[in-house]
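The values are calculated or read from the model by the stated rules, or taken from the named source; none is laboratory data. It should be emphasised that the depicted structure is a prediction, and the values quoted were computed from it without experimental measurement. Cβ sites come from the backbone with ideal geometry, for glycine too, and all protein chains shown count toward neighbours. Surface areas here come from the heavy atoms of the whole protein model, side chains and all, with no ligands, DNA or RNA. Shrake-Rupley method; radii C 1.70, N 1.55, O 1.52, S 1.80 Å.
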Amino acid sequence: SSDCEADVTCSATFTVNAPADVELTCPLSTDIGPCADQGSVNTAFDLWLGDYTVSGGCGTQVSTNWDGVYPDWCGDAVTITWTASSDCEADVTCSATFTVNAPADVELTCPQSTDIGPCVDQGSVNAAFDAWLLDYTVSGGCGTQVGTNWDGVYPDWCGDAVTITWTASSDCEADVTC
């Protein structure tokens with residue numbers, strides 16, 4: 001203040017700018033399989049889990065609700081929620097689902113019971129039996145293989161009967177027989 005002139009004042013503002021809003025983008029929900037092995041599922045899941053983006057906020061950290069259990073390779077779905085926590089605003093979340101498609105159920109169709117006429121030589125019986133033994137169809141499952149209970153002894157050409165059970169074994173379900 002001076003006796004000869006009016007007071008002179010000035011002012012200034014000290015501003016702490018607010019950070020940009022937190023933006024969290026989750027990966028898209030995704031499906032894989034069926035029949036991918038567990039190692040491939042785990043690798044794909046890990047890549048997917050880390051495929052989020054986050055920006056903004058102050059001291060922003062991202063966490064998930066994943067419990068550490070990978071989705072099962074025979075068919076499973078896991079929904080994950082990502083949470084972005086910032087020092088300056090409320091948590092931001094997003095969710096997505098990672099699905100391992102289950103294989104189709106195993107379907108096994110056995111050949112019809114078959115009779116062949118009498119007086120057929122052993123070689124012809126063996127050839128007809130071999131063809132009949134392979135006349136099944138199978139679909140579905142993962143790593144599905146078919147076996148029988150045949151002991152390797154052909155039916156005798158002089159008259160005989162052999163009953164066969166086919167078994168389809170899949171990596172992802174119980175055996176199917178006919």
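Per residue, the average separation of C-alpha pairs within less than 8 Å and at least 6 apart gives region 56-178 a relative contact order of 22 percent. The mean sequence separation of alpha-carbon pairs under 8 Å and at least six residues apart, normalised by the residue count of region 1-79, gives a relative contact order of 37 percent. How much net charge surrounds Asp21 when only other residues with a Cβ under 15 Å from its Cβ are counted (Lys, Arg +1; Asp, Glu -1)? Overall, the nearby charge balance is -4. On a 0 to 90 degree scale, rounded to 10, what angle separates helix 38-49 from the longest Cα axis of the chain? Between helix and principal axis, roughly 20 degrees.
In the chain, carbon and sulfur make up what percent of the accessible area (probe 1.4 Å)? It is 49 percent, rounded to a whole number. Over all pairs of different C-alpha atoms in region 1-103, the reciprocal of the mean inverse distance, the Kirkwood hydrodynamic radius, equals 16.8 Å. With respect to the chain, whose longest principal axis is taken over its alpha-carbon atoms, helix 122-133 is tilted by about 20°. Per residue, the chain exposes 64 Å² of accessible surface when a 1.4 Å probe is rolled over the protein heavy atoms with every protein chain present.
Give, to the nearest whole percent, the P(r) tail of the chain beyond 26 angstrom, counting all Cα pairs.
On the way: 9758 of 15753 pairs.
Cα-Cα pairs of the chain separated by over 26 Å account for 62 percent.
Measuring how big region 44-103 is from its alpha-carbon positions, Rg and Dmax come out at 13.7, 47 Å. Packing, taken as the mean count of other beta carbons within 10 Å per residue, orders the peptides 133-143, 13-23, 157-167 from highest to lowest as 133-143, 157-167, 13-23.
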